[in-house]
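One structure below.
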Amino acid sequence: MGLGVLIEGKWVSERDQEDEKGRFVRPNTTFRSTITADGSSGFKAESNLYHLYISLACPWAHRTLIMRQIKGLADAISVSIVEPVIEEQGWEFSNAPGCIPDFVNNAHYLWEIYVQADRHYSGRVTVPVLWDTQTKTIVNNESREIIRMFDTEFGSIARNKIDLYPTELRSNIDQTIDAIYQPINNGVYRAGFATSQSAYEEGVTDLFEALNHWEKVLGSQRYLCGDRLTEADIYLFTTLLRFDAVYYVHFKCNLQRIVDYPNLWGYLRDIYQYPGVKETCNLDHIKQHYYKSHPKVNPTRLVPKGPIIDFEGEHGRDRQH
Ligand SMILES: N[C@@H](CCC(=O)N[C@@H](CS)C(=O)NCC(=O)O)C(=O)O
């Protein structure tokens with residue numbers, strides 16, 4: 001069993017995901033509309049209009065949930081949470097612990113949402129998905145764009161007046177998000193899904209070079225872009241949270257754990273303890289997902305017991321800077 005795909009609106013439960021050199025390739029997403037504060041894009045920022053489909057296991061989807069939480073958009077944008085494990089039919093809804101079924105469209109599988117948006121849709125069925133309940137379509141399924149919309153377009157609706165994309169830091173934030181994407185966020189997948197030794201080594205080398213770099217940066221400032229929390233930190237956080245429990249073992253990213261880096265470890269705890277963030281973190285969904293959804297990587301699908309990680313301990317980041 002592997003990951004499936006929709007072809008002309010029909011679900012097919014196997015697809016290839018490497019190139020001829022054994023390198024993992026992440027295809028682009030296809031629904032790329034935007035919501036704007038004034039509605040000029042065709043989708044207006046409003047309460048009780050949009051619904052977010054996510055997995056608590058997926059680092060890309062998790063980011064959108066964190067942004068929704070930090071901005072105080074939880075009452076304005078509803079959410080469904082899929083089962084952690086990807087089976088034959090892809091992402092699935094249920095009442096299992098930590099899940100929220102699809103009370104908006106009553107779908108059983110996430111692919112039904114894609115077909116409802118486009119009867120002839122061909123492509124991957126991924127989380128996150130931002131759904132418009134009025135026009136009954138997918139607005140966007142690219143986490144980076146969903147996060148930006150939540151941050152900049154829902155100002156009058158958001159309960160918390162926090163800005164994670166402040167004008168004076170915008171180019172720095174965008175550059176940082178770009179800089180961590182290939183080596184870190186996608187780097188763990190490049191290492192873990194590689195099917196040749198050289199592709200794996202390429203991924204793992206880039207990953208640890210980048211971690212070493214940011215470890216240094218975080219020695220002299222509290223966050224990636226300076227002394228305030230920004231979008232870029234949310235991007236790094238979801239990879240770091242999964243690292244020691246999953247990527248270190250399952251994806252063979254094992255030169256060092258995050259707990260072995262003094263600055264990255266304090267930083268990870270710092271963001272975990274930021275108001276609203278820990279409620280979005282579910283290590284059980286995360287471990288179930290990775291160890292059971294990739295039988296090519298872990299054929300027995302056994303889920304390890306450990307490690308025991310204390311995310312709640314003192315982070316020391318406020319004293320240091
Ligand atoms: N570019 C997307 C990537 C989303 C993505 O790859 N999600 C994964 C879960 S971590 C997924 O749904 N995979 C299912 C599949 O590939 O079939 C984003 O950042 O929103």
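Every read-out reported here was derived from the displayed coordinates using simple, explicitly stated rules and does not represent laboratory data. All figures in this text were calculated on a predicted structure; none of them were measured in a lab. For neighbour counting, all protein chains shown are included, and Cβ atoms are generated from backbone atoms with ideal geometry for every residue, glycine included.
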**Report entry** Net length gained if the chain between Ala96 and Lys278 were fully extended (0.36 nm per residue, minus Cα distance)
**Finding:** 63.5 nm
Requested in this report: Using every Cα-Cα pair within segment 167-320, state what percent have a distance larger than 18 Å.
Outcome: 58 percent
**Report entry** Formal net charge of residues neighbouring Tyr181 (Cβ-Cβ distance under 15 Å; K, R +1; D, E -1)
**Finding:** -3
**Report entry** Estimated inter-spin distance, His108 and Asn298, nm [label 7 Å along Cα→Cβ]
**Finding:** 2.7 nm
Report task. Just order 279-287, 94-102, 138-146 by mean Cβ neighbour count inside 10 Å, highest at the front, would you? Result -> 138-146, 279-287, 94-102
Report summary line: When Val217, Val188 are arranged by how many other beta-carbons sit within 10 Å of their Cβ, fewest first, they go Val217, Val188
Query - Spin-label zone in segment 4-25 - amide nitrogen under 18 Å from a point set 7 Å from the Cα of Ser196 along the C-beta vector - result: 16-25
Requested in this report: Would you mind calculating the gained length between Lys136 and Gln182 on full extension (0.36 nm times residue separation, minus the Cα-Cα distance), in nm to one decimal?
Outcome: 13.2 nm
Report summary line: About its Cα centre, segment 1-159 carries a charge dipole, from +1 on Lys and Arg Cβ atoms and -1 on Asp and Glu Cβ atoms, whose size in debye to the nearest 20 is 440 debye
Report summary line: Exposure proxy check on Arg63, Arg319: fewest-to-most Cβ neighbours within 10 Å is Arg319, Arg63
Report task. Report, as a whole number in µm² per second, the diffusion coefficient that Stokes-Einstein gives for segment 80-138 at 20 °C and 1.002 mPa s using the Kirkwood radius over alpha carbon pairs. Result -> 181 µm²/s
Report summary line: Quarter of the surface of the C-alpha convex hull for segment 5-152, i.e. direction-averaged projected area in nm², equals 9.1 nm²
Query raised in the report: Alpha carbon centre of segment 35-98 versus segment 279-306: separation in Å?
Result: 21 Å
Query raised in the report: When the chain is fully extended, how far beyond the present Cα-Cα distance does Ile7 get from Ile308, taking 0.36 nm per residue of separation?
Result: 104.2 nm
Report summary line: Expected sort for Arg148, Arg242, Arg170 with the fewest Cβ neighbours (10 Å cutoff) up front is Arg170, Arg148, Arg242
Query raised in the report: Expressed as cubic angstrom per residue, what is the convex hull volume of the alpha carbon set of segment 136-213?
Result: 133 Å³
Report summary line: Between Ser33 and Asn212, the two model label points (7 Å from Cα along the beta-carbon direction) sit apart by a distance in nm of 4.7 nm
Requested in this report: Would you mind working out the magnitude of the charge dipole of segment 87-234 relative to its Cα centre, with +1 at each Lys and Arg C-beta and -1 at each Asp and Glu C-beta, to the nearest 20 Debye?
Outcome: 340 debye
**Report entry** Dipole axis of the chain (+1 Lys, Arg; -1 Asp, Glu on Cβ), positive-most option in Tyr248, Asn106, Thr137
**Finding:** Tyr248
**Report entry** Amide N proximity, segment 275-290 versus Asp318 label position 7 Å along Cα-to-Cβ, cut-off under 15 Å
**Finding:** 275-276
Report summary line: Hydrodynamic calc, the chain: Kirkwood Rh from Cα pairs, then Stokes-Einstein at 25 °C with viscosity 0.890 mPa s, so D in µm² s⁻¹ is 121 µm²/s
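Quick one: putting +1 on the C-beta of Lys and Arg, -1 on the C-beta of Asp and Glu, what dipole do you get for the chain around its Cα centre, in Debye to the nearest 20?
240 debye
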Query raised in the report: Using a basic spin-label model with each label point 7 Å from the Cα along Cα→Cβ, how many nm lie between Asn254 and Thr167?
Result: 5.1 nm
